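Enquirer: Below: one structure in structure tokens.
What follows draws every value from the coordinates through simple rules; no lab data is involved. These numbers were taken from a predicted model, which means no experiment stands behind them. Positions of Cβ are backbone-derived with ideal geometry, glycine not excepted, and every protein chain shown enters the neighbour counts.
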Amino acid sequence: MLCKQFGSSDVKISAISFGAMRWPDEQTCHEIINRGLDLGLNYVDTSTGYVQGESEKWTGRAVKDRRDEIYFSSKSHFAKAPTADAVRQAIDGSLKATGLDYFDFYQLWGLGTVETVEAAMAKGGTVEGVRKAQAEGLIRIGLGFTFHGPGEAFRAAVDTGEMLCATVSYNLMNRKEEENIAYAAEHGVGIVIMNPLAGGVLALAGNEQLDFLRGGGVGPCYGALRFLHANPGITTGIVGFRAVEEVDQAVASLQGAEDLDESFRRQLIEKIDAVKLIEGDFCTGCGYCKECPNDVNPSKFMQAMRDFVLYGVNEDRLADWIHSKYPHSDVVKELGQCTECGECETKCPQKLSIVEQIRRGKAVLAGK
Ligand code: SF4
Ligand code: SF4
């Protein structure tokens, strides 16, 4: 497995690593981690909220006997842990959940404005709390931040000089973070990519429009992962593996990828832009919107609406399509429970118009 220097640190991270937000169950999580470690993957990114709160526990137990083979990173959201004391409680809670004695990295999530960056840096702020935990050996290597927001906030976080790494959403279809990635590279900040396969869209086996990404006996993830690796500013892409064979496919995708360069990236960008798989932002399936006060699952619905576009289904089949995605439940009833409160939209990192899509779904299901 190709390994790359992680920013200005002396650590080398595998070019593909584990994103711990989509584990289907604990057994599979253990199998995926063991297979990946055998193949040289050496970084995992988790958080308190992933997999209905199970991710840290499952991931921690999966790495326990091979702890020295992996760099382990967890995080807390700034809104939930905005002070030094609160972030310390979050770190202690995450360590307890994982059953580990220390993390290698810790990420501050939600530094989305210049003001939050300043608050994190202030006396008694989260950076102070993480540094104290680091001084006590609870975090071995360094601090980073996970980012969805405007470039000025990103640059402000990098300019603090406190950040060893940043985790940003980026892939062949969504390249908005390109300038931020370049800025981080100039300042010795390692970049971790979340959503490297656009929430699975760039791994869709059945979409012929993605054929130009196939290679090495592997599906479209082959080209999508090589695209990331060809950017020297990117250290690793965290893939949200759901099955062991996906690890093998991801590793096979980077075979012989050492010398890929900017011209390779440009070729793929031209091709994906010509395809116009989907216009504008789209659901990545992150699940952040899942907790609806009225028991709707907007994440599931928005993924169904995204796939409707991706597979080019005819508009007059939308009602059938939605029903096909809910074979064992009453989607009319579920969407009918939506009060359009908008809470889910405030949690969506892609800023999608979820309420508008739900309205559209309700209307088409009602035959309007
Ligand atoms: S708008 Fe409110 S009620 Fe409707 S799905 Fe979103 S959170 Fe649930
Ligand atoms: S609608 Fe937004 S928050 Fe919900 S799963 Fe999709 S991208 Fe994530």
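Enquirer: With the structure loaded, tell me whether residue 178 is within 18 Å of the chain's Cα centre (by Cα), at negative phi and among the acidic types (Asp, Glu) or whether it fails that test. Before the answer, list the steps.
Expert: Details: within 18 Å of the chain's Cα centre (by Cα): yes; at negative phi: yes; among the acidic types (Asp, Glu): yes.
When the stated conditions are applied, residue 178 passes them.
Enquirer: Here's a follow-up. Residues in the range 274-285: is at least one within 16 Å of ligand 1 (Cβ to nearest atom), under 23 Å from the mean Cα position of the chain (by Cα) and not aliphatic (A, V, I, L, M)? Step through it out loud before you land on a result.
Expert: Within the range 274-285, the subset within 16 Å of ligand 1 (Cβ to nearest atom) is 283, 285.
Those left that are additionally under 23 Å from the mean Cα position of the chain (by Cα): 283, 285.
Next, from what is left, pick out any that are not aliphatic (A, V, I, L, M): 283, 285.
Within the range 274-285 (the criterion being within 16 Å of ligand 1 (Cβ to nearest atom), under 23 Å from the mean Cα position of the chain (by Cα) and not aliphatic (A, V, I, L, M)), the answer is yes, since at least one residue qualifies.
Enquirer: Filter the range 295-322 down to residues that are surrounded by 14 or more Cβ atoms within 10 Å (Cβ to Cβ) and over 24 Å from the mean Cα position of the chain (by Cα) and give me whichever is farthest from ligand 1 (Cβ to nearest atom).
Expert: Here the answer is 313.
Enquirer: I've got another one for you. Considering only the range 113-227, give the strands (runs of 3 or more DSSP E) lying wholly within it that have at least 2 residues that are more than 17 Å from residue 78 (Cβ to Cβ). Don't jump to the end; show me each part of the working.
Expert: Details: elements: 139-147, 165-169, 190-194.
It comes to 139-147, 190-194.
Enquirer: Residues to consider are 342, 336; find the one that is surrounded by fewer than 16 Cβ atoms within 10 Å (Cβ to Cβ) and near ligand 1 (Cβ under 10 Å from one of its atoms).
Expert: Working: 336 fails: near ligand 1 (Cβ under 10 Å from one of its atoms).
Unique residue meeting the criteria: 342.
Enquirer: Go through the range 61-79 and give me each residue that's assigned to a helix (DSSP H, G or I) and over 19 Å from residue 142 (Cα atoms). Spell out the reasoning first.
Expert: Going through the range 61-79, the residues assigned to a helix (DSSP H, G or I) turn out to be 61-69.
Hits for the range 61-79 are 61, 62, 63, 64, 65, 66.
Enquirer: Determine whether the range 211-222 contains at least one residue that is closer than 18 Å to residue 169 by Cβ, aliphatic (A, V, I, L, M), over 19 Å from the mean Cα position of the chain (by Cα) and away from ligand 1 (no atom under 16 Å from the Cβ).
Expert: no
Enquirer: How many residues does the range 255-306 contain that are within 12 Å of ligand 2 (Cβ to nearest atom) and of a type outside the set (Lys, Arg)?
Expert: Our first condition is that a residue be within 12 Å of ligand 2 (Cβ to nearest atom); within the range 255-306, this holds for 281-292, 296-306.
Right, trim to of a type outside the set (Lys, Arg) and you get 281-289, 291-292, 296-299, 301-305.
Total meeting the criteria: 20.
Enquirer: Could you figure out which of (1) of a type in the set (Gly, Ala, Ser); (2) in a helix (DSSP H, G or I); (3) surrounded by fewer than 21 Cβ atoms within 10 Å (Cβ to Cβ) isn't true of residue 94?
Expert: Among (1) of a type in the set (Gly, Ala, Ser); (2) in a helix (DSSP H, G or I); (3) surrounded by fewer than 21 Cβ atoms within 10 Å (Cβ to Cβ), the lone unmet condition for residue 94 is (3).
Enquirer: Residues that are more than 17 Å from residue 254 (Cβ to Cβ), at least 1 per element: which strands (runs of 3 or more DSSP E) completely within the range 6-46 meet that? Working first, answer last.
Expert: Working: elements: 12-14, 16-19, 43-45.
The strands (runs of 3 or more DSSP E) meeting that bar are 43-45.
Enquirer: Quick one: in the range 340-363, which of the residues that are assigned to a helix (DSSP H, G or I), more than 7 Å from ligand 2 (Cβ to nearest atom) and charged (D, E, K, R) is farthest from residue 325 (Cα to Cα)?
Expert: Within the range 340-363, the first condition is being assigned to a helix (DSSP H, G or I), and the residues that meet it are 343-347, 354-363.
Applying the additional criterion that residues be more than 7 Å from ligand 2 (Cβ to nearest atom) yields 343, 345-346, 355-363.
Then keep just the ones that are charged (D, E, K, R); that gives 343, 345, 356, 359-360, 362.
Numbers: 343: 23, 345: 22, 356: 19, 359: 17, 360: 16, 362: 15 Å.
Checking each candidate, the answer is 343.
Enquirer: Restricting to the range 321-359, give me the number of residues that are charged (D, E, K, R) and in contact (Cβ under 8 Å) with a residue 24 or more places away in the chain. Give the steps one after another, and end with the answer.
Expert: Narrowing the range 321-359 to residues charged (D, E, K, R): 325, 330, 333-334, 340, 343, 345, 347, 351, 356, 359.
Okay, now just the ones that are also in contact (Cβ under 8 Å) with a residue 24 or more places away in the chain, so 325, 334, 343, 345, 347, 351.
Selection size over the range 321-359: 6.
Enquirer: Specify the residue that is surrounded by the most Cβ atoms within 10 Å (Cβ to Cβ); the eligible residues are those in the range 126-179 that are of a type in the set (Gly, Ala, Ser) and without any contact (Cβ under 8 Å) to a residue 40 or more places away in the chain. Can you show your working first?
Expert: Taking the range 126-179 and keeping what is of a type in the set (Gly, Ala, Ser), we get 129, 133, 135, 137, 142, 144, 149, 151, 153, 156-157, 161, 166, 169.
Checking the rest, the ones that are also without any contact (Cβ under 8 Å) to a residue 40 or more places away in the chain come to 135, 137, 149, 151, 161, 166.
Values: 135: 9, 137: 9, 149: 19, 151: 13, 161: 9, 166: 26.
Step by step, filter the range 126-179, then rank; the result is 166.
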